[in-house]
Amino acid sequence: MKITMIGTGYVGLVTGTCFAEFGHHVTCVDKIEDKISQLKAGKIPIYEPGLDLLVGKNVNEGRLQFTTSLDDAIPEAEAIFIAVGTPSSRRGDGYADLTYIYAAAKEIAHYLQGYTVIIDKSTVPVGTARQVARIIREENPTADFSVASNPEFLREGAAITDFMRPDRVVIGVESEKSERVLREVYKPLFLRDTPIVSTTIETAELTKYAANAFLAVKISFINEIASVCEAVGADVSDLAKGIGMDGRIGNKFLHPGPGYGGSCFPKDTLALMRIVQEYGESVRIVEAAVEVNAAQKARMVKKIRDMLGGSESGKTIAVLGLTFKPETDDMREAPATTILPALLEKGARIKAHDPKGMEEAKHYLPEGIEYMENSYEACEGADAVVLMTEWNQYRALDLDRLKVIMKEPVFIDLRNVYDPATMQEIGFRYMGIGRK
Ligand code: UGA
(Lines give C-alpha, C1' and ligand atoms only; values in the text may rest on other atoms or scores of the structure.)
Protein backbone atom coordinates (compact mmCIF):
# COMPACT_ATOMS: atom_id res chain seq x y z
CA MET A 1 0.00 0.00 0.00
CA LYS A 2 1.17 3.56 -0.68
CA ILE A 3 1.17 5.78 2.39
CA THR A 4 2.07 9.43 2.87
CA MET A 5 3.13 10.79 6.23
CA ILE A 6 2.87 14.53 6.69
CA GLY A 7 5.29 15.71 9.40
CA THR A 8 8.55 14.08 10.40
CA GLY A 9 8.58 14.79 14.14
CA TYR A 10 8.79 11.95 16.67
CA VAL A 11 5.41 10.52 15.77
CA GLY A 12 5.56 10.98 12.00
CA LEU A 13 9.07 9.65 11.58
CA VAL A 14 8.62 6.62 13.83
CA THR A 15 5.21 5.77 12.40
CA GLY A 16 6.24 6.28 8.77
CA THR A 17 9.35 4.16 9.24
CA CYS A 18 7.46 1.38 10.98
CA PHE A 19 4.80 1.35 8.23
CA ALA A 20 7.66 0.90 5.73
CA GLU A 21 8.97 -1.94 7.89
CA PHE A 22 5.50 -3.51 7.57
CA GLY A 23 6.12 -3.58 3.81
CA HIS A 24 4.17 -0.48 2.75
CA HIS A 25 5.65 2.20 0.49
CA VAL A 26 5.93 5.33 2.56
CA THR A 27 6.75 8.90 1.63
CA CYS A 28 7.45 11.23 4.56
CA VAL A 29 6.87 14.90 3.83
CA ASP A 30 8.08 17.86 5.82
CA LYS A 31 8.22 21.56 5.01
CA ILE A 32 11.53 22.03 6.77
CA GLU A 33 14.07 21.51 3.99
CA ASP A 34 16.96 21.08 6.37
CA LYS A 35 15.21 18.19 8.10
CA ILE A 36 14.46 16.45 4.82
CA SER A 37 18.00 16.88 3.51
CA GLN A 38 19.34 15.46 6.80
CA LEU A 39 17.02 12.47 6.50
CA LYS A 40 17.98 11.97 2.86
CA ALA A 41 21.61 11.94 3.98
CA GLY A 42 20.79 9.25 6.55
CA LYS A 43 20.89 11.59 9.57
CA ILE A 44 18.10 11.30 12.12
CA PRO A 45 17.16 14.68 13.61
CA ILE A 46 15.99 13.15 16.94
CA TYR A 47 17.36 10.54 19.30
CA GLU A 48 15.12 7.47 19.43
CA PRO A 49 16.77 4.10 20.07
CA GLY A 50 16.88 1.89 16.96
CA LEU A 51 15.31 4.46 14.65
CA ASP A 52 18.49 5.17 12.65
CA LEU A 53 18.93 1.51 11.76
CA LEU A 54 15.30 1.07 10.80
CA VAL A 55 15.26 4.21 8.64
CA GLY A 56 18.48 3.13 6.90
CA LYS A 57 17.18 -0.37 6.24
CA ASN A 58 13.88 0.77 4.76
CA VAL A 59 15.45 3.50 2.64
CA ASN A 60 17.93 0.96 1.25
CA GLU A 61 15.17 -1.48 0.50
CA GLY A 62 13.29 1.24 -1.40
CA ARG A 63 10.19 1.46 0.80
CA LEU A 64 10.87 4.76 2.55
CA GLN A 65 11.54 8.15 1.03
CA PHE A 66 11.61 11.76 2.11
CA THR A 67 10.48 14.88 0.30
CA THR A 68 9.40 18.47 0.85
CA SER A 69 6.92 18.29 -2.00
CA LEU A 70 3.29 17.24 -1.56
CA ASP A 71 3.10 17.05 -5.31
CA ASP A 72 5.36 13.97 -5.21
CA ALA A 73 3.66 12.35 -2.29
CA ILE A 74 -0.11 12.81 -2.37
CA PRO A 75 -1.61 11.75 -5.72
CA GLU A 76 -0.72 8.05 -5.43
CA ALA A 77 -1.31 7.65 -1.71
CA GLU A 78 -4.25 5.56 -0.50
CA ALA A 79 -3.74 6.66 3.08
CA ILE A 80 -2.40 10.05 4.20
CA PHE A 81 -1.46 10.43 7.84
CA ILE A 82 -1.25 13.90 9.36
CA ALA A 83 1.36 13.88 12.12
CA VAL A 84 2.27 17.55 12.40
CA GLY A 85 2.78 19.25 15.76
CA THR A 86 -0.12 20.42 17.91
CA PRO A 87 1.66 22.49 20.56
CA SER A 88 -0.21 24.35 23.30
CA SER A 89 -1.48 27.54 21.69
CA ARG A 90 0.66 30.63 22.01
CA ARG A 91 -2.16 32.33 23.90
CA GLY A 92 -1.08 30.19 26.84
CA ASP A 93 -4.65 29.08 27.51
CA GLY A 94 -4.02 25.33 27.21
CA TYR A 95 -5.82 24.92 23.88
CA ALA A 96 -4.03 22.83 21.26
CA ASP A 97 -2.81 24.94 18.34
CA LEU A 98 -4.29 23.35 15.21
CA THR A 99 -2.82 25.78 12.69
CA TYR A 100 -0.43 23.19 11.25
CA ILE A 101 -3.13 20.52 10.92
CA TYR A 102 -5.51 22.81 9.08
CA ALA A 103 -2.74 24.17 6.84
CA ALA A 104 -1.81 20.58 5.93
CA ALA A 105 -5.46 19.76 5.14
CA LYS A 106 -5.73 22.78 2.87
CA GLU A 107 -2.65 21.84 0.92
CA ILE A 108 -3.40 18.13 0.66
CA ALA A 109 -6.80 18.91 -0.85
CA HIS A 110 -5.36 20.14 -4.14
CA TYR A 111 -3.32 17.03 -4.88
CA LEU A 112 -5.84 14.29 -4.05
CA GLN A 113 -6.49 11.73 -6.80
CA GLY A 114 -8.72 8.68 -6.44
CA TYR A 115 -10.23 7.50 -3.14
CA THR A 116 -7.97 8.51 -0.24
CA VAL A 117 -8.30 8.24 3.54
CA ILE A 118 -6.88 11.18 5.49
CA ILE A 119 -6.03 10.19 9.02
CA ASP A 120 -5.21 12.38 12.02
CA LYS A 121 -2.32 10.83 13.91
CA SER A 122 -1.54 13.94 15.93
CA THR A 123 -3.30 14.35 19.27
CA VAL A 124 -6.19 16.64 18.41
CA PRO A 125 -9.37 17.86 20.10
CA VAL A 126 -12.69 16.19 19.39
CA GLY A 127 -14.08 17.50 16.13
CA THR A 128 -10.75 18.09 14.38
CA ALA A 129 -11.09 15.30 11.80
CA ARG A 130 -14.52 16.64 10.79
CA GLN A 131 -13.01 20.10 10.47
CA VAL A 132 -10.24 18.65 8.28
CA ALA A 133 -12.98 17.11 6.10
CA ARG A 134 -14.76 20.48 5.80
CA ILE A 135 -11.54 22.22 4.77
CA ILE A 136 -10.74 19.63 2.11
CA ARG A 137 -14.27 19.74 0.75
CA GLU A 138 -14.16 23.54 0.51
CA GLU A 139 -10.81 23.47 -1.27
CA ASN A 140 -11.62 20.59 -3.61
CA PRO A 141 -15.37 19.83 -3.82
CA THR A 142 -14.88 16.84 -6.14
CA ALA A 143 -12.27 15.04 -4.05
CA ASP A 144 -13.13 11.43 -3.17
CA PHE A 145 -11.99 10.95 0.43
CA SER A 146 -12.82 9.97 4.01
CA VAL A 147 -11.30 11.29 7.20
CA ALA A 148 -10.34 9.12 10.16
CA SER A 149 -8.62 9.32 13.53
CA ASN A 150 -5.86 6.95 14.58
CA PRO A 151 -4.28 8.18 17.84
CA GLU A 152 -0.79 7.03 18.70
CA PHE A 153 0.22 5.64 22.09
CA LEU A 154 3.98 5.54 21.56
CA ARG A 155 6.36 6.38 24.39
CA GLU A 156 9.50 8.27 23.50
CA GLY A 157 12.53 6.08 24.05
CA ALA A 158 10.49 2.92 23.42
CA ALA A 159 8.58 4.08 20.37
CA ILE A 160 9.60 1.34 17.97
CA THR A 161 8.77 -1.51 20.33
CA ASP A 162 5.52 0.24 21.25
CA PHE A 163 4.68 0.50 17.56
CA MET A 164 5.56 -3.07 16.68
CA ARG A 165 3.94 -4.62 19.77
CA PRO A 166 1.09 -2.31 20.77
CA ASP A 167 -1.50 -3.25 23.40
CA ARG A 168 -4.13 -2.11 20.91
CA VAL A 169 -4.72 0.02 17.83
CA VAL A 170 -7.60 2.50 17.95
CA ILE A 171 -9.20 3.58 14.69
CA GLY A 172 -12.00 6.12 14.44
CA VAL A 173 -13.78 5.83 11.11
CA GLU A 174 -16.86 7.14 9.35
CA SER A 175 -17.37 4.37 6.79
CA GLU A 176 -16.66 0.69 6.11
CA LYS A 177 -14.60 1.70 3.12
CA SER A 178 -12.19 3.78 5.22
CA GLU A 179 -12.09 1.09 7.92
CA ARG A 180 -10.94 -1.42 5.29
CA VAL A 181 -8.07 0.87 4.31
CA LEU A 182 -6.94 1.28 7.91
CA ARG A 183 -7.20 -2.44 8.60
CA GLU A 184 -5.02 -3.01 5.56
CA VAL A 185 -2.46 -0.51 6.90
CA TYR A 186 -2.30 -2.42 10.21
CA LYS A 187 -2.65 -5.90 8.72
CA PRO A 188 0.76 -7.13 9.97
CA LEU A 189 -0.28 -6.32 13.55
CA PHE A 190 -3.72 -7.81 13.06
CA LEU A 191 -2.06 -11.05 11.95
CA ARG A 192 -0.12 -10.97 15.26
CA ASP A 193 -3.43 -10.77 17.16
CA THR A 194 -3.16 -7.10 18.15
CA PRO A 195 -6.68 -5.99 19.11
CA ILE A 196 -8.06 -3.28 16.86
CA VAL A 197 -10.68 -1.05 18.46
CA SER A 198 -12.82 0.34 15.69
CA THR A 199 -15.05 3.20 16.76
CA THR A 200 -16.42 6.59 15.77
CA ILE A 201 -14.05 9.41 14.94
CA GLU A 202 -15.03 11.42 18.03
CA THR A 203 -14.50 8.45 20.35
CA ALA A 204 -11.04 7.80 18.93
CA GLU A 205 -10.08 11.46 19.30
CA LEU A 206 -11.18 11.51 22.93
CA THR A 207 -9.64 8.11 23.71
CA LYS A 208 -6.16 9.54 23.28
CA TYR A 209 -6.77 12.37 25.76
CA ALA A 210 -8.44 10.01 28.21
CA ALA A 211 -5.49 7.59 28.06
CA ASN A 212 -2.88 10.27 28.71
CA ALA A 213 -5.01 11.95 31.37
CA PHE A 214 -5.50 8.64 33.17
CA LEU A 215 -1.76 7.95 33.18
CA ALA A 216 -1.05 11.48 34.44
CA VAL A 217 -3.60 10.93 37.21
CA LYS A 218 -1.94 7.62 38.10
CA ILE A 219 1.48 9.28 38.43
CA SER A 220 0.14 12.20 40.46
CA PHE A 221 -1.71 9.71 42.66
CA ILE A 222 1.44 7.76 43.50
CA ASN A 223 3.41 10.98 43.98
CA GLU A 224 0.85 12.19 46.48
CA ILE A 225 0.78 8.80 48.23
CA ALA A 226 4.60 8.97 48.37
CA SER A 227 4.30 12.18 50.38
CA VAL A 228 1.83 10.46 52.70
CA CYS A 229 4.34 7.61 53.08
CA GLU A 230 7.00 10.10 54.12
CA ALA A 231 4.65 11.62 56.68
CA VAL A 232 3.64 8.33 58.28
CA GLY A 233 6.94 6.47 57.86
CA ALA A 234 5.71 4.00 55.20
CA ASP A 235 7.49 2.75 52.07
CA VAL A 236 5.96 3.73 48.72
CA SER A 237 7.85 1.07 46.73
CA ASP A 238 6.36 -1.74 48.78
CA LEU A 239 3.01 0.02 48.76
CA ALA A 240 3.10 0.27 44.94
CA LYS A 241 3.76 -3.47 44.76
CA GLY A 242 0.97 -4.09 47.23
CA ILE A 243 -1.58 -2.23 45.14
CA GLY A 244 -0.08 -2.88 41.69
CA MET A 245 -0.44 -6.64 41.90
CA ASP A 246 -4.19 -6.13 41.91
CA GLY A 247 -4.96 -6.62 38.23
CA ARG A 248 -7.61 -3.90 38.40
CA ILE A 249 -4.93 -1.37 39.37
CA GLY A 250 -1.90 -2.68 37.46
CA ASN A 251 1.74 -2.23 38.44
CA LYS A 252 2.79 0.16 35.68
CA PHE A 253 3.04 3.94 36.08
CA LEU A 254 3.23 3.66 39.85
CA HIS A 255 6.80 4.95 40.17
CA PRO A 256 6.99 8.16 42.16
CA GLY A 257 9.29 10.82 40.75
CA PRO A 258 9.87 14.56 40.48
CA GLY A 259 6.63 14.97 38.50
CA TYR A 260 5.67 13.93 34.99
CA GLY A 261 7.00 15.92 32.04
CA GLY A 262 7.48 15.55 28.31
CA SER A 263 5.63 16.77 25.26
CA CYS A 264 2.41 14.90 26.00
CA PHE A 265 1.05 14.66 29.55
CA PRO A 266 1.44 18.35 30.47
CA LYS A 267 0.01 19.52 27.13
CA ASP A 268 -2.76 16.94 26.80
CA THR A 269 -4.11 17.28 30.36
CA LEU A 270 -4.47 21.04 29.85
CA ALA A 271 -6.02 20.57 26.41
CA LEU A 272 -8.55 18.09 27.80
CA MET A 273 -9.53 20.56 30.52
CA ARG A 274 -10.16 23.21 27.84
CA ILE A 275 -12.06 20.84 25.55
CA VAL A 276 -14.51 19.78 28.24
CA GLN A 277 -14.96 23.38 29.37
CA GLU A 278 -16.31 24.19 25.93
CA TYR A 279 -19.00 21.58 26.47
CA GLY A 280 -19.84 23.00 29.92
CA GLU A 281 -18.26 19.99 31.66
CA SER A 282 -15.22 19.57 33.86
CA VAL A 283 -12.59 16.92 34.61
CA ARG A 284 -11.81 17.70 38.23
CA ILE A 285 -9.64 14.64 38.76
CA VAL A 286 -7.44 15.71 35.88
CA GLU A 287 -7.30 19.28 37.22
CA ALA A 288 -6.14 17.89 40.55
CA ALA A 289 -3.47 15.76 38.85
CA VAL A 290 -2.11 18.87 37.13
CA GLU A 291 -1.99 20.78 40.44
CA VAL A 292 -0.34 17.86 42.24
CA ASN A 293 2.27 17.68 39.49
CA ALA A 294 3.20 21.34 39.91
CA ALA A 295 3.34 20.88 43.70
CA GLN A 296 5.54 17.81 43.30
CA LYS A 297 8.26 19.81 41.54
CA ALA A 298 8.15 22.46 44.30
CA ARG A 299 8.37 19.65 46.87
CA MET A 300 11.53 18.36 45.20
CA VAL A 301 13.16 21.80 45.54
CA LYS A 302 12.32 21.77 49.25
CA LYS A 303 13.60 18.22 49.63
CA ILE A 304 16.95 19.23 48.13
CA ARG A 305 17.10 22.37 50.30
CA ASP A 306 16.37 20.36 53.46
CA MET A 307 19.10 17.86 52.60
CA LEU A 308 21.51 20.78 52.21
CA GLY A 309 20.77 21.89 55.75
CA GLY A 310 18.08 24.47 54.95
CA SER A 311 19.75 26.60 52.28
CA GLU A 312 21.14 25.98 48.83
CA SER A 313 23.02 29.27 48.77
CA GLY A 314 26.71 28.76 48.00
CA LYS A 315 26.28 24.98 47.77
CA THR A 316 27.39 22.89 44.80
CA ILE A 317 24.74 20.49 43.54
CA ALA A 318 25.52 17.72 41.05
CA VAL A 319 22.51 16.87 38.89
CA LEU A 320 22.43 13.53 37.07
CA GLY A 321 19.87 13.44 34.27
CA LEU A 322 18.12 16.44 32.72
CA THR A 323 15.71 15.01 30.14
CA PHE A 324 12.10 14.31 31.16
CA LYS A 325 12.86 10.59 31.13
CA PRO A 326 15.69 8.28 30.01
CA GLU A 327 16.44 7.24 26.42
CA THR A 328 15.47 10.54 24.89
CA ASP A 329 17.08 13.94 24.31
CA ASP A 330 13.72 15.65 24.82
CA MET A 331 13.72 18.43 27.40
CA ARG A 332 10.15 19.61 26.91
CA GLU A 333 8.48 20.18 30.31
CA ALA A 334 11.24 18.16 31.99
CA PRO A 335 11.05 18.58 35.79
CA ALA A 336 14.66 19.84 35.60
CA THR A 337 13.41 22.95 33.78
CA THR A 338 11.47 23.98 36.91
CA ILE A 339 13.66 22.55 39.67
CA LEU A 340 17.08 23.75 38.47
CA PRO A 341 16.13 27.42 37.93
CA ALA A 342 14.62 27.45 41.45
CA LEU A 343 17.89 26.15 42.92
CA LEU A 344 20.01 28.56 40.87
CA GLU A 345 17.90 31.47 41.96
CA LYS A 346 18.66 30.69 45.59
CA GLY A 347 22.39 30.82 44.89
CA ALA A 348 23.28 27.18 44.23
CA ARG A 349 26.07 26.20 41.85
CA ILE A 350 24.85 23.43 39.54
CA LYS A 351 27.06 20.89 37.77
CA ALA A 352 24.92 18.77 35.48
CA HIS A 353 25.30 15.71 33.31
CA ASP A 354 22.95 13.95 30.91
CA PRO A 355 23.92 11.21 28.43
CA LYS A 356 21.92 12.57 25.49
CA GLY A 357 20.16 15.76 26.50
CA MET A 358 22.86 18.33 27.27
CA GLU A 359 22.77 20.17 23.95
CA GLU A 360 19.00 20.35 24.07
CA ALA A 361 19.09 21.31 27.76
CA LYS A 362 21.02 24.47 26.96
CA HIS A 363 17.93 25.80 25.14
CA TYR A 364 15.67 25.10 28.11
CA LEU A 365 17.78 25.92 31.17
CA PRO A 366 19.07 29.29 32.30
CA GLU A 367 22.71 30.25 31.88
CA GLY A 368 25.00 29.48 34.75
CA ILE A 369 24.59 25.71 34.75
CA GLU A 370 27.86 23.86 34.18
CA TYR A 371 27.61 20.89 31.83
CA MET A 372 30.04 18.10 32.69
CA GLU A 373 31.55 15.25 30.67
CA ASN A 374 30.41 12.47 32.99
CA SER A 375 28.72 11.72 36.32
CA TYR A 376 31.94 11.75 38.33
CA GLU A 377 33.05 15.14 37.01
CA ALA A 378 29.64 16.46 37.95
CA CYS A 379 29.94 15.06 41.49
CA GLU A 380 33.50 16.22 42.13
CA GLY A 381 33.45 18.55 45.14
CA ALA A 382 29.62 18.59 45.31
CA ASP A 383 27.69 19.16 48.53
CA ALA A 384 24.94 16.87 47.23
CA VAL A 385 24.05 14.83 44.18
CA VAL A 386 20.50 14.79 42.80
CA LEU A 387 19.54 11.84 40.61
CA MET A 388 16.89 13.50 38.45
CA THR A 389 16.42 11.06 35.52
CA GLU A 390 16.92 7.31 35.81
CA TRP A 391 19.29 6.69 32.86
CA ASN A 392 20.77 3.18 33.03
CA GLN A 393 24.29 4.53 33.46
CA TYR A 394 23.26 6.15 36.75
CA ARG A 395 21.97 2.85 38.10
CA ALA A 396 25.40 1.39 38.71
CA LEU A 397 27.48 4.34 39.88
CA ASP A 398 30.73 3.55 41.69
CA LEU A 399 29.39 4.73 45.03
CA ASP A 400 32.67 4.37 46.95
CA ARG A 401 34.37 6.57 44.38
CA LEU A 402 31.50 9.04 44.52
CA LYS A 403 31.76 9.29 48.30
CA VAL A 404 35.45 10.09 48.09
CA ILE A 405 35.19 12.77 45.39
CA MET A 406 32.14 14.56 46.80
CA LYS A 407 32.58 17.28 49.40
CA GLU A 408 29.64 15.88 51.37
CA PRO A 409 28.18 12.38 50.86
CA VAL A 410 24.59 13.52 50.32
CA PHE A 411 22.51 11.58 47.79
CA ILE A 412 19.02 12.74 46.78
CA ASP A 413 17.42 10.09 44.63
CA LEU A 414 14.32 11.50 42.91
CA ARG A 415 13.67 8.20 41.08
CA ASN A 416 14.19 5.72 43.95
CA VAL A 417 16.92 3.92 42.02
CA TYR A 418 19.07 3.03 45.04
CA ASP A 419 18.33 1.05 48.18
CA PRO A 420 18.23 3.31 51.25
CA ALA A 421 19.81 0.76 53.64
CA THR A 422 22.74 0.06 51.29
CA MET A 423 23.32 3.77 50.74
CA GLN A 424 23.44 4.37 54.48
CA GLU A 425 25.83 1.46 54.93
CA ILE A 426 28.19 2.97 52.36
CA GLY A 427 28.05 6.19 54.32
CA PHE A 428 25.70 8.41 52.36
CA ARG A 429 23.06 10.66 53.82
CA TYR A 430 20.41 9.36 51.45
CA MET A 431 16.92 10.61 50.62
CA GLY A 432 14.54 9.03 48.11
CA ILE A 433 10.84 9.68 47.54
CA GLY A 434 8.20 8.20 49.79
CA ARG A 435 10.44 6.02 51.93
CA LYS A 436 12.68 6.41 54.92
C1 UGA B 1 3.25 9.31 26.86
C2 UGA B 1 2.39 8.05 26.90
O3 UGA B 1 2.96 7.08 27.79
C4 UGA B 1 2.27 7.43 25.51
O5 UGA B 1 1.38 6.32 25.55
C6 UGA B 1 1.71 8.51 24.54
O7 UGA B 1 1.63 8.03 23.23
C8 UGA B 1 2.62 9.70 24.55
O9 UGA B 1 2.70 10.21 25.89
C10 UGA B 1 2.04 10.73 23.62
O11 UGA B 1 0.95 11.25 23.89
O12 UGA B 1 2.61 10.96 22.55
P13 UGA B 1 5.88 9.81 26.85
O14 UGA B 1 5.49 11.22 27.12
O15 UGA B 1 6.87 9.51 25.78
O16 UGA B 1 4.57 8.93 26.49
O17 UGA B 1 6.52 9.21 28.17
P18 UGA B 1 6.06 8.33 29.42
O19 UGA B 1 6.90 7.12 29.47
O20 UGA B 1 4.60 8.13 29.47
O21 UGA B 1 6.51 9.27 30.62
C22 UGA B 1 5.90 10.55 30.84
C23 UGA B 1 6.39 11.17 32.13
O24 UGA B 1 5.87 10.46 33.25
C25 UGA B 1 7.92 11.14 32.31
O26 UGA B 1 8.32 12.38 32.85
C27 UGA B 1 8.16 10.01 33.29
O28 UGA B 1 9.33 10.18 34.06
C29 UGA B 1 6.90 10.13 34.15
N30 UGA B 1 6.56 8.86 34.85
C31 UGA B 1 6.15 7.78 34.14
C32 UGA B 1 6.63 8.81 36.24
O33 UGA B 1 6.99 9.80 36.92
N34 UGA B 1 6.26 7.65 36.86
C35 UGA B 1 5.86 6.55 36.18
O36 UGA B 1 5.54 5.53 36.82
C37 UGA B 1 5.80 6.62 34.78
Inset, instruction - Kindly list the number of the only condition in (1) without any contact (Cβ under 8 Å) to a residue 60 or more places away in the chain; (2) surrounded by fewer than 22 Cβ atoms within 10 Å (Cβ to Cβ); (3) within 13 Å of the ligand (Cβ to nearest atom); (4) more than 20 Å from Thr207 (Cα to Cα) that fails for Ser237. - result: (1)
Inset, instruction - Select the strands (runs of 3 or more DSSP E) contained entirely in the stretch 70-171, then report the ones holding at least 1 residues which are open to solvent by 20 Å² or more (accessible area, probe 1.4 Å) and touching a strand residue (DSSP E or B) at 6+ places or on another chain (Cβ under 9 Å). - result: 145-149
Inset, instruction - Count, please, the residues in the stretch 211-234 that happen to be within 16 Å of the ligand (Cβ to nearest atom) and either among the acidic types (Asp, Glu) or farther than 30 Å from Ala83 by Cβ (or both). - result: 8
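With the structure loaded, tell me whether Glu21 is acidic (Asp, Glu), touching a strand residue (DSSP E or B) at 6+ places or on another chain (Cβ under 9 Å) and open to solvent by 50 Å² or more (accessible area, probe 1.4 Å) or whether it fails that test.
yes
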Legend entry - Glu373 open to solvent by 10 Å² or more (accessible area, probe 1.4 Å), under 29 Å from Gly9 (Cα atoms) and either of a type in the set (D, E, K, R) or more than 26 Å from the chain's Cα centre (by Cα) (or both): yes
Inset, instruction - Return the pairs, sorted by first residue and then second, in which the second residue is open to solvent by 20 Å² or more (accessible area, probe 1.4 Å) and part of a loop (DSSP other than H, G, I, E, B), the first residue lies in the stretch 364-384 and is not assigned by TED's automatic domain parsing to the domain that holds Ala396 and among the aromatic types (Phe, Trp, Tyr), the beta carbons are less than 6 Å apart, and the residues are 6+ apart or on different chains. - result: none
Legend entry - Unmet requirement for Gly357, which otherwise passes all of (1) among the small types (Gly, Ala, Ser); (2) closer than 19 Å to Gly310 by Cα; (3) within 16 Å of the ligand (Cβ to nearest atom): (2)
Inset, instruction - Answer yes or no: is there a residue in the stretch 20-40 that is hydroxyl-bearing (Ser, Thr, Tyr), over 21 Å from Val169 (Cα atoms) and free of Cβ contacts under 8 Å to residues at least 24 places away in the same chain. - result: yes
Legend entry - Selection count, the stretch 129-156, where residues are within 15 Å of the ligand (Cβ to nearest atom) and not charged (D, E, K, R): 5
Inset, instruction - Residue by residue through the stretch 198-210, note down the ones that are within 15 Å of the ligand (Cβ to nearest atom) and over 10 Å from Asp268 (Cα atoms). - result: Ala204, Glu205, Leu206, Thr207
Inset, instruction - Tell me, yes or no, whether the stretch 313-325 has at least one residue that is at pLDDT below 95 and open to solvent by less than 50 Å² (accessible area, probe 1.4 Å). - result: no
Inset, instruction - Find the residue count for the stretch 334-363, including only residues that are in contact (Cβ under 8 Å) with a residue 60 or more places away in the chain, open to solvent by less than 10 Å² (accessible area, probe 1.4 Å) and part of a loop (DSSP other than H, G, I, E, B). - result: 2
Inset, instruction - Could you tell me which residue of the stretch 286-310 is surrounded by the most Cβ atoms within 10 Å (Cβ to Cβ), considering only residues that are within 21 Å of Gly368 (Cα to Cα) and touching a Gly at 6+ places or on another chain (Cβ under 8 Å)? - result: Met300
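The values are calculated or read from the model by the stated rules, or taken from the named source; none is laboratory data. Being a predicted model, the structure only gives us computed values, none of them experimental. Please note: Cβ atoms are built from the backbone with ideal geometry, for glycine as well, and neighbour counts cover all protein chains shown. Just the protein is used for accessible areas: all its heavy atoms, side chains included, with ligands, DNA and RNA removed. Shrake-Rupley method; radii C 1.70, N 1.55, O 1.52, S 1.80 Å.
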